[in-house]
1. Would the stretch 368-385 turn up any residue that is at pLDDT below 95, touching a helix residue (DSSP H, G or I) at 6+ places or on another chain (Cβ under 9 Å) and either surrounded by fewer than 20 Cβ atoms within 10 Å (Cβ to Cβ) or assigned to a helix (DSSP H, G or I) (or both)?
2. Please go through (1) touching a residue at least 12 places away in the same chain (Cβ under 8 Å); (2) open to solvent by 60 Å² or more (accessible area, probe 1.4 Å) for SER254 and return the number of the only condition it doesn't satisfy.
3. Answer yes or no: is there a residue in the stretch 316-330 that is modelled with pLDDT under 95, part of a loop (DSSP other than H, G, I, E, B) and hydrophobic (A, V, I, L, M, F, W, C).
4. Does any residue of the stretch 239-248 turn out to be outside any strand (DSSP E or B), in contact (Cβ under 8 Å) with a residue 24 or more places away in the chain and surrounded by 21 or more Cβ atoms within 10 Å (Cβ to Cβ)?
5. Would a scan of the stretch 127-139 turn up a residue that is open to solvent by 10 Å² or more (accessible area, probe 1.4 Å), in a loop (DSSP other than H, G, I, E, B) and closer than 15 Å to PHE104 by Cβ?
6. Sort out which residues of the stretch 163-221 are farther than 20 Å from ILE260 by Cα, touching a residue at least 60 places away in the same chain (Cβ under 8 Å) and among the charged types (D, E, K, R), and write them in order of number.
7. Name the single residue that is farthest from PRO354 (Cα to Cα) among those in the stretch 194-210 being open to solvent by less than 40 Å² (accessible area, probe 1.4 Å) and out of contact with any strand residue (DSSP E or B) (no Cβ under 7 Å at 6 or more places or on another chain).
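The values are calculated or read from the model by the stated rules, or taken from the named source; none is laboratory data. These numbers were taken from a predicted model, which means no experiment stands behind them. Every residue, glycine as well, gets a Cβ built from its backbone with ideal geometry; the counts of neighbours run over all protein chains shown. These accessible areas exclude ligands, DNA and RNA; they are computed on the full protein's heavy atoms, side chains included. Shrake-Rupley method; radii C 1.70, N 1.55, O 1.52, S 1.80 Å.
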Amino acid sequence: MRLLYLLFQWAKPSMQGVLKKVEGQSKAFSKLVDEVQTWIIGHHNTNIKKFPNLKYINIPLPKGPYVYQIFSVRQKSYKVAEEMIREFCPDVIYVRYPLSDPGFISFLEKIQRMNIKVVTEHQSKEVPELLSMNKRLIALSESLFGGKALELVDGLVGVTSEIVQYELNRVSVEKPFIVVPNGVDVATIPLRNPGKFDGRNAHFLVLVGQTNAWHGVDRIISGFASYDGKMQIHIHIAGNLTEDVKKLIENLPSKKRFSIHAYGFLDQQKLSFLFSLCHAGFSALALHREKAVQGASLKVREYCARGLPFVCAGEDPDFPVDFPYAMRLPLGDEPVDFDKLTEFVRSLYEHNNPTQIAIDMRSYAFEKLDWEVKMGKVVRFIKSIKA
């Protein structure tokens, strides 16, 4: 089977997590199919880290308003992809769903006439997510054209059952589907080297490309205001901060019991230092702002592969409710209860060897979360779809 993996997205620093995911998927595909090519098509930042299994085509930005630039780049991207398809002659095209517009529908109609299978992968309930990011014009386009686009594809992959059901509700015909939560390329991720827990300081990691509403970083910051415990709390944010989060941090009351550090994007050496320093990592805490209960966060999978316990909210298909190295918070806008979080950290590290915790979590990641395991399910699903 010859597989073409397409992303109609702009490669920029805040997308490094996505590119890392696609790199892992592409490597797994290369072991599971006869031939795979993975192309990122869009307007790319020259400062991004490039991954060896991914190929990039840069579309120059035209002059004009931002919305015009977006749709102009998309139209040119579809034409580039059509040429690529004619040259590569794939049996199946796997597309990270790019949101829909008339150009995407026209692109899918042309592929349909070529008798090539098309499978789309969905990361979120698109319209609610766009509205939560205040991208109303793009949300309108997706509302108008998304259902039509999905009727033209041969199968759907969603990272949660909730997302799959959302997509199926947008089409009037039955579609083959599969739920495959996000994964991680475990072998490429270093195991953390935790130090001893001193019982007085608790360090938490917030790993983001950019803080968005569903990350719930505001819940973490507002939790400081009511914390008056004995343990010192240290929050380390790796990634870009939006202006609203910056203002929340600036307006924090002065307290001796906590500190917050924002680093922006970090190289792997500095990031590995933070993973070894911290006792737990925060996942997304506000999925409800996207009208979701379930999530399959990439950062949680990296936490697990590195061996860092984590704090999450909502459901994750890959982690049972009794997973010993996770603390679940209720979904909602309430401030994080740091008294409970410090007790979680204390109970973990006072009674367990930190290195053994890391080893156990990494073993779980190899067994359940590795991309080769995940994409094996996707390949079997693609083969089961009738042409």
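1. No, there is no match, as no residue in the stretch 368-385 is at pLDDT below 95, touching a helix residue (DSSP H, G or I) at 6+ places or on another chain (Cβ under 9 Å) and either surrounded by fewer than 20 Cβ atoms within 10 Å (Cβ to Cβ) or assigned to a helix (DSSP H, G or I) (or both).
2. (1)
3. yes
4. The answer is yes, given that some residue of the stretch 239-248 is outside any strand (DSSP E or B), in contact (Cβ under 8 Å) with a residue 24 or more places away in the chain and surrounded by 21 or more Cβ atoms within 10 Å (Cβ to Cβ).
5. no
6. ASP185, ARG192, LYS196 - these are the residues of the stretch 163-221 that are farther than 20 Å from ILE260 by Cα, touching a residue at least 60 places away in the same chain (Cβ under 8 Å) and among the charged types (D, E, K, R).
7. The extreme case among them is GLY199.
Yes/no per residue for (1) of a type in the set (D, E, K, R); (2) assigned to a loop (DSSP other than H, G, I, E, B); (3) within 21 Å of the chain's Cα centre (by Cα):
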site	(1), (2), (3)
LEU191	no, yes, yes
LYS196	yes, yes, no
LEU205	no, no, yes
GLY223	no, no, no
